[in-house]
């Protein structure tokens, strides 16, 4: 999903919040309230969006979930304030910067594990792990660039294979055709390891795979 799509969705949610506030009424027992049905829908839609973008452990998610449980104007105001903050983060590029840093840190840990496996004489699992990191990096690049990562068939979503992601990213000019050819070779080595063709590559080739994939992910980052 592209930045403009995310911003548009936030604006839709903000419009829902404003609609909720138009139902503000004063209770016979003192205090104010808003339409509980509209508030529930607004809260659920906001939580769904925040969870998809940030995850359920992010403060934005818990602030809405725990801090806007009721049907008071203040609950709607809190959701609206958080959504406005999210809008600013998305427009300022902070969302993808933060996600990119987290992704890079996780990937670095897996690459380090693959290097340890290789140094311990386990070239085959090292190749598989490195190839898996590469595939996930391609998937994250697709998400960043608004490229679909699934194929819809018979009302089911089937994840695209790594070579398809590679081709899609090249067509979108995310990286060059030379990069595409190199990635095809790296994925081929991973597939050989995954299918037990251990004699078709050697330890030095896996070492080159690790260094090449690391360099590529640093150069074409999420």
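The values are calculated or read from the model by the stated rules, or taken from the named source; none is laboratory data. The shown structure was predicted, so the numbers you read here are calculated from the model rather than taken from an experiment. All Cβ positions, glycine included, derive from the backbone under ideal geometry; neighbour counts span all protein chains shown.
Within the bounds of region 159-171, is there any residue that is surrounded by fewer than 18 Cβ atoms within 10 Å (Cβ to Cβ) and closer than 22 Å to residue 52 by Cβ? Yes, region 159-171 has at least one match. Within region 19-45, restricting attention to residues that are loosely packed, with under 12 Cβ neighbours inside 10 Å and outside any loop (DSSP other than H, G, I, E, B), which residue is nearest to the chain's Cα centre (by Cα)? Looking at residues that are loosely packed, with under 12 Cβ neighbours inside 10 Å and outside any loop (DSSP other than H, G, I, E, B), I get 44.
Among 97, 62, 56, 48, which is the only one that is modelled with pLDDT under 90, surrounded by fewer than 17 Cβ atoms within 10 Å (Cβ to Cβ) and in a loop (DSSP other than H, G, I, E, B)? On inspection, the qualifying residue turns out to be 56. One residue alone among 150, 164 is out of contact with any helix residue (DSSP H, G or I) (no Cβ under 7 Å at 6 or more places or on another chain), under 30 Å from residue 5 (Cα atoms) and modelled with pLDDT of 90 or more, and that residue is 164.
Restricting region 195-219 to residues that are closer than 27 Å to residue 147 by Cβ and surrounded by 14 or more Cβ atoms within 10 Å (Cβ to Cβ) leaves a set whose member that is nearest to the chain's Cα centre (by Cα) is 217.
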